[in-house]
Amino acid sequence: METGGLSAAALANGDLGSQRERTLVPERLQKREHERQLEVERRKQKRQDQEVEGEKSDFFAAAFARERSAVEDLLESGESVERLEEAAARLQGLQKLINDSVLFLAAYDLRQAQEVLARLQAALAKRRQELQPKKRFAFKTRKKDTASATQVDSAPDAPAAEGIQTSPPPLKKEGDFHSSWVCGFSNLQSQVLEKRAEELHQQDVLLTQLRNCTIKLYGNPNTLRLTKAQGCTLLCGPVSTSVFLEDCSDCVLAVACQQLRVHTTKDTRIFLQVTSRAIMEDCTGIQFAPYTWSYQGIDKDFEGSGLDKKKNNWNDVDDFNWLARDVASPNWSVLPEEERRIQWD
């Protein structure tokens, strides 16, 4: 009886175990099927996203090439102010196209487009200068120290420091973005340098070989380039197009612009207002914070520059030396808030 009872109990337990297994098998199958479907959906979504990005990239390439060709034609035959103004308007459209496309463009394509835009802006500035009316000829005594219209100035009413001589801007090298620079400062140290709005309006500014200087630029330049500076503080009103920074160290900048490009620079803080992504290459120790400099008349300068004060990508930076998208670049960082409290004046 006991043996029979045990056998019956064992059989009952076996039946229960089999029943559980039969119940679990469909659950496992359903779970696997669900995971498989999710994976199929993920792959499908990824393909669709890639197709959309590809279509956007193709649209950008076609639109950019079309507008670029139109601007080049206008500049080649730009014998009138009206045609140059049309070229300027199309260049603004190209800048907006780039700004709207930075999220899906590859870093290389973005860099190439920005370089093309910078070259076209330089060509436009040159054509505008060529169309300016020439001064009437008059006999006058020549002065050895008379500066040309494109010469970089020394500090006003201040002698150069010992061993430092003022000089015109360096000769243009192949690949430079601009063929001439109409104002700025060069080869000075330990001085406070200023330019007012009437001097800067839509001008190309070059600041080069400065050491331990404070530079204040009130107004609306067209472009700005700071090169070979050490221990300097640069405060600048809104720049209509591009700011270039290269071969600098231990500097503090406050700049507002459409695009910022930083090369071979280290240990520098940048208080930035920028409508596109900042770009850096071969740099270390760069810190970014929002633009905070202000002066009387800055709102009017912003209106004249065409910059949107409400749009600021100060912490959206492309480091061409750091391609890993899921790991932050070690070459730049956000400046802590407690270190942003700076008295500019």
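Could you point to the residue in Ile298, Cys236, Val255 farthest towards the positive end of segment 230-330's charge dipole, with +1 and -1 charges on the Cβ of Lys/Arg and Asp/Glu respectively?
Comparing the listed Cα positions along the dipole, Ile298 ranks first.
Find the accessible area per residue for segment 24-131; the probe is 1.4 Å, ligands and nucleic acids are left out, and the unit is Å².
Numbers: 7170 Å² over 108 residues.
Value returned for segment 24-131: 66 Å² of accessible area per residue.
Express the accessible area of segment 183-334 per residue in Å², computed with a 1.4 Å probe while the remaining protein chains stay in the model.
Numbers: 5860 Å² over 152 residues.
Counting only protein heavy atoms, the per-residue value for segment 183-334 is 39 Å².
With a 1.4 Å probe and all protein chains left in place, how much of the accessible area of segment 24-131 comes from carbon and sulfur atoms, in whole percent?
Ligands and nucleic acids excluded, carbon and sulfur reach 51 percent.
So if I place +1 on the C-beta of Lys and Arg and -1 on the C-beta of Asp and Glu, and nothing else carries charge, what would the dipole magnitude of segment 235-344 be about its Cα centre? I want it in debye, nearest 20.
Details: 11 positive and 17 negative charges, 68 e Å.
Its charge dipole is roughly 320 debye.
By its C-alpha gyration tensor, with a ≥ b ≥ c as the square roots of the eigenvalues, how is segment 183-334 shaped: rounded for a/c under 1.5, else prolate for a/b larger than b/c, else oblate? Working shown, then result.
On the way: a/c = 2.04, a/b = 1.25, b/c = 1.63.
Oblate, because a/c is 1.5 or more while a/b does not exceed b/c.
Step through the residues of segment 107-120 one at a time and calculate ³J(HN,Hα) from phi using the Karplus curve (6.51 cos²θ - 1.76 cosθ + 1.60, θ = phi - 60°), rounding each to whole Hz and writing x for Gly and Pro.
4, 5, 5, 5, 5, 4, 5, 5, 5, 4, 4, 4, 5, 5
Accessible area of segment 287-345 with a 1.4 Å probe: how many percent of it is carbon plus sulfur? Spell out each step's value before the answer.
Numbers: 1860 of 4100 Å².
Of all accessible area on segment 287-345, carbon and sulfur atoms account for 45 percent.
Give me the Kirkwood hydrodynamic radius of segment 75-128 in Å, from all C-alpha pairs, to one decimal place? Please list the in-between numbers first.
Numbers: mean 1/r = 0.0843 Å⁻¹.
Result for segment 75-128, one decimal place: 11.9 Å.
Rg over Rh of segment 269-336, using C-alpha atoms and the Kirkwood radius, what does it come to?
Working: Rg = 13.9 Å, Rh = 13.3 Å.
In segment 269-336, Rg relative to Rh is 1.04.
Taking 21 Å as the cut-off for C-alpha to C-alpha distance, list the pairs among Lys96/Lys310; Lys228/Lys266; Lys96/Lys311; Lys126/Lys300 that go past it. Could the numbers behind the result be given before it?
Details: Lys96/Lys310 15 Å; Lys228/Lys266 11 Å; Lys96/Lys311 13 Å; Lys126/Lys300 26 Å.
Listed pairs above 21 Å: Lys126/Lys300.
The values are calculated or read from the model by the stated rules, or taken from the named source; none is laboratory data. In this text the structure is predicted, and so the values were computed from the model without any measurement. So basically every Cβ, Gly included, is an ideal-geometry build from the backbone, and we count neighbours across all protein chains shown. The accessibility values were calculated without ligands, DNA or RNA, using every heavy atom of the protein model including side chains. Shrake-Rupley method; radii C 1.70, N 1.55, O 1.52, S 1.80 Å.
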